[in-house]
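Peer 1: Would you mind keeping the following structure in view while I ask a few things?
The values are calculated or read from the model by the stated rules, or taken from the named source; none is laboratory data. Note that this is a predicted model, so its numbers are computed, not measured. Methodologically, a virtual Cβ is constructed for each residue, glycine included, from the backbone with ideal geometry; neighbour enumeration extends over all protein chains shown. Surface accessibility is based on the protein's heavy atoms, side chains included, excluding ligands, DNA and RNA. Shrake-Rupley method; radii C 1.70, N 1.55, O 1.52, S 1.80 Å.
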Amino acid sequence: MIRLLSLFLLVTTPIFAQIQHNEFTHDDTLRGSITPERVWWDLTFYHLTVRVQPADSTLSGSTEIRYRVLKQAQTMQVDLQRPLQVLRVEQDGKPLVVRQDGNAYFITLIKPQKTGQTEAITVHYAGKPRVAKRPPWDGGLVWSRDKSGNWFIATACQGLGASAWWPCKDHMYDEPDSMAISVTVPEDLTDVSNGRLRRVTTNSDHTRTFDWYVVNPINNYGVNLNIGRYQHWSETYKGEKGPLALNFYALPEHLDSAKMQFRQVPKMLKAFEYWFGPYPFYEDGYKLVEAPYLGMEHQSSVTYGNHFRNGYLGRDLSRTGWGLLWDFIIVHESGHEWFANNITYKDVADMWIHESFTNYSECLFTEYYYGKEAGAQYVIGCRALIRNDRPIIGTYNVNHEGSSDMYYKGGNMLHTIRQLVGDDSRWRQLLRGLNKTFYHQTVTSDQIERYMSKETGLILKPVFDQYLRDVRIPMLEYRLVAGGLQYRWTNCFSDFDMPVRVCVGESGPYYQLQPTAQWKILPVKNETALTIDANYYALSKLVR
């Protein structure tokens, strides 16, 4: 997912002046925490069956939920957001008692739930789902029409949650091992969802049912509907793991433009398989699907609405020119297949795992095709979009994400860490190692931070704390003294001790410093200026 921010100047306001106090509700806790009614069962499979009725903007259907019992309990939480309603819940054909608490439904199970057994319930539901106000950021269902007046419908629900349109265990920590998706639409329309299409059934009531199947684990918000009068074409990409099926869907009025613009997909795959390792979902294929909003990283079904133009709606976010050489949505949203869909946060408070790495994927794509300096210029150029308004990591257990700085500041944090590693081959292996070690897993920020520290051999905790948990940009203060230049870190945590490369004088020489919060001295003569290498996201200031 991507957000476009207004341009802000870099700020260094102390953290205590930037903290925003949030009021969290009971609904937030039920949505964002691993409640006792969630923790005892392990999700293994969904079969979502849904009928989409554009005439009255309603959905109706059911979710079969299969699960493995981890410990004995008799009450289960399933989520479905108002105004949709659960109609009934069954296990082994028997109706169950259901208690609603806001957007959570607590189901009393009759059958004894024995540890180690696999069981299933079916949740039937119906109603008018929330209509997206500004997708994909303020999501829900998008009910729109194409230029010919035909229905053009889609879902977008990151942050809001998949329970905005179907009943599920709506917490990111638990994913099904596989999923079936059966979507019934008017017979003149096509549904495109996740995974591979198994069959299309023509029904007697002038509808068609599209049966899709996902063989890999999938996060809730990655599940999607895309409904329209699509034109379809396909090709095969020869990737690291062999042939990868590529399928493309666009509206008839955009077919020629889409066929031209979507040629960038193989280029994207080549660059990202180099940096991150094999595409994580060969078994499910890759799809790029035109949607009535900007785009989203739906797993194996990436949605696209960038008007078939390079850049972000024709603009270069970095203002360097490099961002106009490729289609932002194809690159960014597809990058999420590695960081979001393969490696997925357990709690949305750690959303930087998705967005910081994927923001940096834009830099890496640029570097792959246009050179290392071009990639660096791109990521550094995006610093103008950093707000430094609140910490990147949000509040845990209440479905609360951190600052949108998780994009551009997070990408620049990773670029800074790359300088600390100091070896591009090791950096590439680190990125590939992340996708191999945490393959198809949900993770915490702590896991990623510890892995990167271990694999680099660097003590990175002060760096992660400073950039993820504080809003201040580290400031390297320096002053002229007898015997050279004194320097120290300020505007940061007291234990911040990140090494940094600096230029002394107007054109050098360069030095690798090891600053701390205490003054140190660099023995140089007749030099009055010190500048931090632009590849490090930090500032410098002369003090008297």
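Peer 1: Out of all DSSP beta bridges with both ends in the chain, state the antiparallel percent to the nearest 5.
Peer 2: Values: 94 of 118 bridges.
Looking only at bridges with both residues in the chain, the antiparallel portion is about 80 percent.
Peer 1: Beyond 40 Å, what share of the Cα-Cα pairs of the chain is found? Please give it as a whole percent. Provide the component values of the computation, followed by the final result.
Peer 2: Numbers: 40924 of 147696 pairs.
Above the 40 Å cut-off, the chain has 28 percent of its Cα pairs.
Peer 1: Ordering Val98, Val223 from largest to smallest accessible area (1.4 angstrom probe), what's the sequence? Before the final figure, lay out each step's value.
Peer 2: On the way: Val98 55, Val223 0 Å².
So, going from the largest accessible area down, we get Val98, Val223.
Peer 1: Between Ser144 and Phe24, what's the calculated FRET efficiency when r is the beta-carbon distance and R0 is 25 Å? Round to 0.05.
Peer 2: Values: r = 33 Å, r/R0 = 1.33.
In this case the efficiency is close to 0.15.
Peer 1: Report, by chain and number, residues whose modeled amide H sits under 5 Å from the one on Leu84, excluding near sequence neighbours (fewer than 5 apart, same chain).
Peer 2: Arg130
Peer 1: Output the relative contact order of the stretch 178-323, whole-number percent, from Cα pairs under 8 angstrom with separation of 6+ residues. Mind dumping the intermediate values first?
Peer 2: Working: 267 pairs, mean separation 29.9, N = 146.
With pairs under 8 Å counted, the relative contact order is 20 percent.
Peer 1: Which distance in nm do the two modelled labels at Asp56 and Arg488 give, with both placed 7 Å along the Cα-to-Cβ direction?
Peer 2: Taking the simple label geometry, Asp56 and Arg488 are separated by 7.2 nm.
Peer 1: In addition: Tell me, in nm to one decimal, what length is gained between Ala529 and Ser425 on full extension, where the rule is 0.36 nm per residue of separation less the Cα-Cα distance? The partial results should precede the final answer.
Peer 2: Values: separation 104, 0.36 × 104 = 37.44 nm, distance 3.29 nm.
Full-extension gain reported as 34.1 nm.
Peer 1: Tell me, how many Å apart are the Cα centres for the stretch 204-221 and for the stretch 381-438?
Peer 2: 34
Peer 1: Could you please state, rounded to a whole Å, how far the C-alpha centre of the stretch 44-62 is from the C-alpha centre of the stretch 282-305?
Peer 2: 20
Peer 1: Listed highest first by mean packing, meaning other Cβ atoms within 10 Å per residue, what order do 324-333, 46-55, 507-516 come in? Could the numbers behind the result be given before it?
Peer 2: Details: 324-333: 22.6, 46-55: 18.8, 507-516: 13.3.
Ranked from most to least packed, the peptides come out as 324-333, 46-55, 507-516.
Peer 1: Also, quick follow-up: Length gain on complete extension for the stretch Ser204 to Gln117, per 0.36 nm per residue less the alpha carbon to alpha carbon distance? Before the final figure, lay out the partial values.
Peer 2: Values: separation 87, 0.36 × 87 = 31.32 nm, distance 3.91 nm.
Once the chain is fully extended between Ser204 and Gln117, it gains 27.4 nm.
Peer 1: Once you have the Cα-Cα distance between Arg479 and Leu70, take 0.36 nm times their residue separation minus that, and quote the gain in nm to one decimal.
Peer 2: Values: separation 409, 0.36 × 409 = 147.24 nm, distance 6.12 nm.
Length gained, Arg479 through Leu70: 141.1 nm.
Peer 1: If you count, for each residue, the other Cβ atoms within 10 Å and average over each peptide, how do 427-434, 300-307 line up from highest to lowest? Walk me through the numbers on the way to the answer.
Peer 2: Working: 427-434: 18.4, 300-307: 23.9.
My ranking of the peptides, most packed first, is 300-307, 427-434.
Peer 1: For Ala517 and Tyr439, what is the calculated FRET efficiency with R₀ set at 56 Å and r taken between the beta-carbons, to the nearest 0.05?
Peer 2: Numbers: r = 39 Å, r/R0 = 0.70.
Efficiency computed from Cβ-Cβ geometry: 0.90.
Peer 1: Quote the accessible area belonging to Asp28 in square angstrom, nearest 10, computed with a 1.4 Å probe and with ligands, DNA and RNA left uncounted.
Peer 2: Rounded to the nearest 10, the figure is 40 Å².
Peer 1: Report in % the part of the accessible area of the chain that belongs to carbon and sulfur, leaving out ligands and nucleic acids; probe 1.4 Å.
Peer 2: Ligands and nucleic acids excluded, carbon and sulfur reach 50 percent.
Peer 1: I need the fraction of alpha carbon pairs in the stretch 253-407 separated by more than 20 Å, rounded to a whole percent.
Peer 2: Here the long-distance tail beyond 20 Å is 50 percent of all Cα pairs in the stretch 253-407.
Peer 1: Let me ask you something else. On a C-alpha basis, how far is the centre of the stretch 449-523 from the centre of the stretch 144-160 in Å? Whole number, if you could?
Peer 2: 49
Peer 1: Follow-up. Accessible area per residue for the stretch 163-210 in Å², computed with a 1.4 Å probe and the full protein assembly in place, what is it? Don't skip to the end; give the middle numbers.
Peer 2: Numbers: 1640 Å² over 48 residues.
Result: 34 Å² per residue.
Peer 1: Hey, could you pull the Cα Rg and Dmax for the stretch 223-263, both in Å?
Peer 2: Cα radius of gyration and Dmax of the stretch 223-263 are 12.2, 35 Å respectively.
Peer 1: What order, most packed first, do the peptides 384-396, 263-275 have when packing is the mean number of other Cβ atoms within 10 Å of each residue? Kindly include the intermediate steps, with their values, before the conclusion.
Peer 2: Working: 384-396: 20.3, 263-275: 18.5.
Final packing ranking: 384-396, 263-275.
Peer 1: Residue by residue, what Karplus-based ³J(HN,Hα) values in Hz, rounded to whole numbers, does the stretch 506-515 have, using 6.51, -1.76 and 1.60 with θ = phi - 60° and x for Gly and Pro?
Peer 2: So the J values, rounded to whole Hz, are 6, 9, x, x, 9, 9, 9, 9, 10, x.
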